[in-house]
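Here's the structure we're looking at; comments come further down.
The values are calculated or read from the model by the stated rules, or taken from the named source; none is laboratory data. This structure is a prediction, so every number in the text was calculated from the model and none was measured. Cβ sites come from the backbone with ideal geometry, for glycine too, and all protein chains shown count toward neighbours.
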Ligand code: HSE
């Protein structure tokens with residue numbers, strides 16, 4: 001048996017929404033899963049040979065497979081051994097949710113096979129919520145996982161072992177760019193620079209900023225988004241780790257964009273813009289970015305992770 005799971009890139013935090021806000025983008029990882037009997041059929045898989053392949057036991061630590069087996073274990077389901085071909089447009093360790101895409105793809109594949117094996121008997125258990133819960137346990141926080149699974153802008157919370165998530169509106173007039181440097185930044189090391197305690201004034205600042213940001217994203221009002229892009233919980237410690245940061249801040253200011261935040265923990269920077277200034281922002285950013293930075297226009301993805309069977313597309317059952 002063979003099927004593909006597609007999962008989107010994501011930006012977590014969006015400034016003040018540290019560990020609880022994230023959005024999915026139209027940049028994708030594609031994961032072709034095959035079971036053992038398929039692996040023996042060399043011709044059936046030949047067309048995927050250009051893609052990187054992972055399988056047990058050699059790639060036991062691969063995140064896609066870890067998530068696949070974590071889902072099987074958490075739901076106590078016997079699943080077949082699988083191999084995976086991976087082809088991804090999501091740059092790795094740049095703050096664009098490449099690991100969340102792998103983890104959500106692994107759990108989604110496990111859920112898909114579990115549904116097929118048990119013929120719908122456990123459908124009530126094999127829900128999106130189960131994928132969200134297991135994927136969050138593997139990743140450690142839900143802010144990339146929720147949009148990678150559901151798509152769109154998602155507010156999420158990990159509370160007493162439960163994961164809660166709610167989709168939020170993004171105004172159609174908004175435009176977004178990511179600026180990706182040639183610098184890797186692992187979440188582990190960039191969490192290491194954060195302070196263990198937070199001053200009350202900083203917490204209050206972030207609470208109000210998050211409110212402004214969500215209302216700004218809902219209505220498209222740039223004044224609110226500008227107020228909402230200010231963070232005091234993580235960016236002050238992380239911005240100095242990004243090369244050329246002062247030069248790029250000045251460039252974004254000159255371009256007339258609404259503002260800029262770290263995408264997740266960096267090193268990618270996310271620029272907020274509006275349809276009215278969009279062309280000018282793109283022109284100024286693309287001509288002024290230092291060498292080794294890549295500018296990409298991104299649009300919100302509202303599909304989230306989906307299973308694609310055969311030549312066509314099939315949205316995973318929700
Ligand atoms: N919320 C996480 C962080 C996202 O900022 O560390 C990175 O994966």
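Within region 211-249, the residues that satisfy the criterion of being closer than 22 Å to residue 180 by Cβ and in a loop (DSSP other than H, G, I, E, B) are 229, 231, 234, 242, 243, 244.
Here residue 157 passes the criteria (1) at pLDDT 95 or above; (2) within 11 Å of the ligand (Cβ to nearest atom) except the one numbered (2). Here the helices (runs of 4 or more DSSP H) wholly within region 91-168 that include at least 2 residues being under 16 Å from the mean Cα position of the chain (by Cα) and over 18 Å from residue 21 (Cβ atoms) are 98-117, 128-139. Number of residues in region 184-204 that are in contact (Cβ under 8 Å) with a residue 60 or more places away in the chain, in a helix (DSSP H, G or I) and surrounded by fewer than 18 Cβ atoms within 10 Å (Cβ to Cβ) equals 1. Here 232, 313, 318 are screened, and the one residue that is in contact with a helix residue (DSSP H, G or I) (Cβ under 7 Å, 6 or more places away or on another chain) and modelled with pLDDT under 95 is 318.
To keep it simple, each residue is scored yes or no on (1) within 26 Å of residue 221 (Cα to Cα); (2) touching a residue at least 60 places away in the same chain (Cβ under 8 Å); (3) within 16 Å of the ligand (Cβ to nearest atom); (4) surrounded by 18 or more Cβ atoms within 10 Å (Cβ to Cβ).
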{"position": "248", "(1), (2), (3), (4)": "yes, yes, no, yes"}
{"position": "254", "(1), (2), (3), (4)": "yes, no, no, no"}
{"position": "261", "(1), (2), (3), (4)": "yes, yes, yes, yes"}
{"position": "264", "(1), (2), (3), (4)": "yes, yes, yes, yes"}
{"position": "270", "(1), (2), (3), (4)": "yes, yes, yes, yes"}
{"position": "290", "(1), (2), (3), (4)": "no, no, no, no"}
{"position": "294", "(1), (2), (3), (4)": "no, yes, no, no"}
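For region 76-115, a residue qualifies if it is surrounded by fewer than 19 Cβ atoms within 10 Å (Cβ to Cβ) and under 21 Å from residue 48 (Cβ atoms), and the qualifying residues are 79, 80, 81, 86, 87, 89, 92. Name the one entry in 229, 233, 241, 214 that is at negative phi, away from the ligand (no atom under 16 Å from the Cβ) and within 23 Å of the chain's Cα centre (by Cα). Step by step, each of 229, 233, 241, 214 is checked, and only 214 is at negative phi, away from the ligand (no atom under 16 Å from the Cβ) and within 23 Å of the chain's Cα centre (by Cα).
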